[in-house]
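Asker: Pasting in a structure now, in structure tokens, and then I'll have a few things to ask.
The values are calculated or read from the model by the stated rules, or taken from the named source; none is laboratory data. This one's a predicted model, so the numbers in the text were calculated from it and none came from an experiment. Note that we place each Cβ from the backbone using ideal geometry, even for glycine, and neighbour counts take in every protein chain shown. When the accessible area is computed, the model is the full protein with side chains, heavy atoms only, and any ligands, DNA or RNA have been set aside. Shrake-Rupley method; radii C 1.70, N 1.55, O 1.52, S 1.80 Å.
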Amino acid sequence: MWKRSVCTKDCPDTCGLLVRVEKNRITAVKGDPDHPYTAGFICKKAAHFPEQVHSPRRITTPLKRTGPKGSGRFEPVTWDEALDEITARIRSISSLSGPQAILPYSFAGHMGLVHRQAGHAFFNRLGASALDYTICGPAATAGFEASLGKGPSTEIQEASQSDYIIIWGSNTLTTNIHAWPFFVRARKAGATLIVIDPYRNRTAQSADVHVMIKPGTDAALVLSMMQVIIEQDLVDHDFIAQKTLGFDQLKARAAEYPPHRAASICGVPPELIVRLAQGYGRARAPYIRTGWGPARQLRGGMAMRTIALLPALVGAFHKPGAGITRSLGGAPSDSAFLTRPDLRPQGVRKVNMVELGHALTRLDNPKIEMLYVYLSNPAVVAPQSRQVLTGLKRDDLFVVVQELFMTDTCAHADIVLPGAGFLEVTDLYRAYGHNYIQMARPVIPPVGQSRSTLAIFQDLAARLGFTEEVFSLTETDCIDHFLRDPSPYMQGVDVETLRSGRAVRLNIPANPYTGGFATPSGRVEFYSQAMADQGLDPLPDGQPLRDPDGDGKFTLEFITPPHSLFLNSSFNEIDELRKKAGQARVMIHPETAKARGIVEADPVRVFNSRGECLFLAHVTDAVQPGLLVAEGLHWPSLSLGGGANQLTSQRLTDMGNTCAFHCNLVEVQRAQ
Ligand SMILES: Nc1nc2c(c(=O)[nH]1)N[C@H]1C(S)=C(S)[C@@H](COP(=O)(O)OP(=O)(O)OC[C@H]3O[C@@H](n4cnc5c(=O)[nH]c(N)nc54)[C@H](O)[C@@H]3O)O[C@H]1N2
Ligand SMILES: Nc1nc2c(c(=O)[nH]1)N[C@H]1C(S)=C(S)[C@@H](COP(=O)(O)OP(=O)(O)OC[C@H]3O[C@@H](n4cnc5c(=O)[nH]c(N)nc54)[C@H](O)[C@@H]3O)O[C@H]1N2
Ligand SMILES: [Mo]
């Protein structure tokens, strides 16, 4: 029997799925042809869901550590034993050191509105240290909002009517593949496709023009394009007069970046900058798809803010097929009934999740004594892994991990709890690459003794005597709450269709900017007083900032973008996908390799002051000289030594306090 469901992995596409179930086993998964956006095809990863759900690697009972920390030796225990031990620890730590000695750590292993947020009320009520959820998007969001205000951006489907598409720091064919058909449609009608990226990724290989920019220099490139657009009078004077703020100051700033000067910063030849500016400025419907890449830099907020201003210069916001896309999917947004921020005692400290390494090794008053991990794999995904692992190995740290698989984080746990996967629970899903929401019910019961995130936290809450209503809400109670959300995005949403399991469109216009801009001035802000108030440059600024810890010591830049066969660190557990991905590789330009005596497939050691890791060298001109690229987060326990996050830093971005995953200086040498 085929049942309808949704892919809930942390990917913009949130695909409609059809799942074949025979005797409580999932035997096949395919795309739902009726899904209005994902339209019947799925990625290579999702096709492996049957093996993932029923994998022999799946954790099916609670486990308790028997060997030394990090040894990965466990014995099965009952749920009562496991939860009793956790509650006893919570009680003793809370009374001796205070509840802030407990730190929850979670992210987006499951994207459902209910289960993803199901632990928040518990930790708020406990008075635990609060986690700041910064590892992915906030720099991009903050940069974009400073220019255009809060709210959804242009729907990707619009791009099919564009004649000039720029994919700016997104590896669309790897990370957002369902956007591609809309770009293909536009190209069939004659559109030009530009990719701006430091390396020739799969998407750049398929573009008309690949602009091989140096990492962290997007703002300089944009300012230079602006200089050309203004000088050649390709601007939309009416739009600028009526809908923008600070054009004269912008003009003066852009004048500081003539193409020959910008070229020396961003490595893009001056003639190409002029061509780009003219192509964009003269297009009938210029459209930009931004990824998160430009934001994962120390000045990533500024980069995103500057890119977001470009459409205003040419009045693109009011042209069909034109605009700019970042994250989509606005509503339902009010989760307070479920997360209960009001239960959190006043003055509880916040811990930035990017700084987990510091938190576990340096934070005091009180020191972290319990780490409770769910829906995340911080041993692999968090920056500066050496320090994270030092923290996780502390004998005086009690670690609980809720997981489906024995990840590198689980290996450091004292107690592991088996989580029920997305095909085993009821939840509501909102995408961030399209404007549809969808509800899914379990297609099979929880595998083994696994339990849903909501069920686990409610059991813990009951053991600790928490009686607030939130601790007894069912999945469907929560979904009913979300569906009653008064947000305008929910208006007209057909709840019956939603309950039948089909995707339903939110009430969000395809081009929301036609309704105006939610900035303080109501205009696009070339000049932002809000940024000035935060001590930031109120105008776009093109000065890059390289990794300060490596400056003067290391000369090679190192970026760590996603792998097509993994989803962050997920899917390493599928043997076939891991084998297909092969050992962790680092791309090196032939000149850079030659200068170091490195040839194809050599084992190499990449290092900086934060750590080191091993890769196999892939010598290729798909990267520029002086840049190393390592795609994907391989589990160190199942691949060559280390993992790319050995080399990344906990330094925070200029806006949004996010991780600058693509801002690293390193050196490489042959291993042995
Ligand atoms: N297959 C697969 N799909 C995924 C994921 C995955 O791991 N695997 N991850 C998911 C998640 S959580 C997210 S947030 C999204 C992320 O999706 P993307 O936005 O596509 O990923 P990023 O890591 O931000 O990198 C995007 C591109 O930015 C480039 N880049 C790096 N630095 C710069 C820079 O300074 N300027 C410019 N212009 N480009 C730069 C990188 O080389 C890369 O090609 O993808 C989601 N989808
Ligand atoms: N170097 C580098 N590091 C990065 C990035 C990068 O580009 N470069 N990208 C960053 C980004 S964009 C992000 S969003 C973060 C992502 O970081 P994470 O959100 O930690 O992503 P995953 O590695 O997919 O880990 C999710 C874990 O949740 C588990 N899980 C899935 N579903 C369930 C469930 O229903 N119940 C339970 N209990 N567990 C479940 C999975 O098995 C998996 O181990 O990583 C970041 N790290
Ligand atoms: Mo992400």
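Asker: If you go through segment 282-300, how many residues are surrounded by fewer than 24 Cβ atoms within 10 Å (Cβ to Cβ) and out of contact with any Gly (no Cβ under 8 Å at 6 or more places or on another chain)?
Answerer: 2
Conditions tested, residue by residue: (1) hydrophobic (A, V, I, L, M, F, W, C); (2) within 15 Å of ligand 1 (Cβ to nearest atom); (3) crowded, with 20+ Cβ neighbours inside 10 Å.
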residue	(1), (2), (3)
L565	yes, yes, yes
A581	yes, yes, yes
R585	no, yes, yes
R596	no, no, no
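Asker: Still on this structure, I have one more. If you go through segment 76-105, how many residues are on the phi < 0 side of the Ramachandran plot, of a type outside the set (A, V, I, L, M) and not in a helix (DSSP H, G or I)?
Answerer: First, the residues of segment 76-105 that are on the phi < 0 side of the Ramachandran plot: 76-97, 99-105.
Within this subset, residues satisfying the condition of being of a type outside the set (A, V, I, L, M) are 76, 78-81, 84-85, 87, 89, 91-92, 94-95, 97, 99-100, 104-105.
Checking the rest, the ones that are also not in a helix (DSSP H, G or I) come to 76, 78, 104-105.
Going through segment 76-105 one residue at a time, the tally reaches 4.
Asker: Taking the condition closer than 22 Å to T203 by Cα and either in contact (Cβ under 8 Å) with a residue 40 or more places away in the chain or in contact with a Leu (Cβ under 6 Å, 6 or more places away or on another chain) (or both), does A308 pass?
Answerer: So A308 passes the test.
Asker: Considering only segment 485-505, state which residues are open to solvent by less than 40 Å² (accessible area, probe 1.4 Å) and acidic (D, E).
Answerer: Hit for segment 485-505 is D485, nothing else.
Asker: Okay, moving on. Being open to solvent by 20 Å² or more (accessible area, probe 1.4 Å) and within 14 Å of ligand 1 (Cβ to nearest atom) is the filter; apply it to segment 567-577 and report the residue that is nearest to N645 (Cα to Cα).
Answerer: Among those residues, the one meeting the criterion is N568.
Asker: Another question about this same structure. All but one of (1) within 16 Å of ligand 2 (Cβ to nearest atom); (2) of a type in the set (A, V, I, L, M); (3) surrounded by fewer than 18 Cβ atoms within 10 Å (Cβ to Cβ) hold for I135; state the number of the condition that does not hold.
Answerer: Exception for I135: condition (3).
Asker: Just wondering, is there one or more residues in segment 174-186 that are open to solvent by 30 Å² or more (accessible area, probe 1.4 Å), hydrophobic (A, V, I, L, M, F, W, C) and within 12 Å of ligand 2 (Cβ to nearest atom)?
Answerer: Within segment 174-186 (the criterion being open to solvent by 30 Å² or more (accessible area, probe 1.4 Å), hydrophobic (A, V, I, L, M, F, W, C) and within 12 Å of ligand 2 (Cβ to nearest atom)), the answer is no, since none of the residues qualifies.
Asker: Then there is this: R57 - would you say it is within 13 Å of ligand 2 (Cβ to nearest atom) and open to solvent by 40 Å² or more (accessible area, probe 1.4 Å)?
Answerer: Considered against the rule, which asks whether it is within 13 Å of ligand 2 (Cβ to nearest atom) and open to solvent by 40 Å² or more (accessible area, probe 1.4 Å), R57 comes out as yes.
Asker: Could you check segment 576-607 and list, in sequence order, the residues that are assigned to a helix (DSSP H, G or I), within 28 Å of M406 (Cβ to Cβ) and touching a residue at least 12 places away in the same chain (Cβ under 8 Å)?
Answerer: Listed by number, the residues that qualify are E576, L577, R578, K580, A581.
Asker: With the structure loaded, tell me whether D236 is charged (D, E, K, R), closer than 19 Å to P286 by Cβ and either assigned by TED's automatic domain parsing to the domain that holds A295 or within 16 Å of ligand 2 (Cβ to nearest atom) (or both) or whether it fails that test.
Answerer: Answer is yes for this residue.
Asker: Please name all residue pairs, on different chains or six or more residues apart, with Cβ atoms under 9 Å, provided the first residue is in segment 119-145 and is over 12 Å from P341 (Cα atoms) and within 16 Å of ligand 1 (Cβ to nearest atom) and the second residue is part of a helix (DSSP H, G or I) and among the β-branched types (V, I, T).
Answerer: T134/V354; I135/V354; I135/V381; G143/T306; G143/I307; F144/I307
Asker: For segment 364-385, indicate whether the set of residues that are modelled with pLDDT of 95 or more, under 21 Å from T658 (Cβ atoms), among the charged types (D, E, K, R) and open to solvent by 40 Å² or more (accessible area, probe 1.4 Å) is non-empty.
Answerer: no
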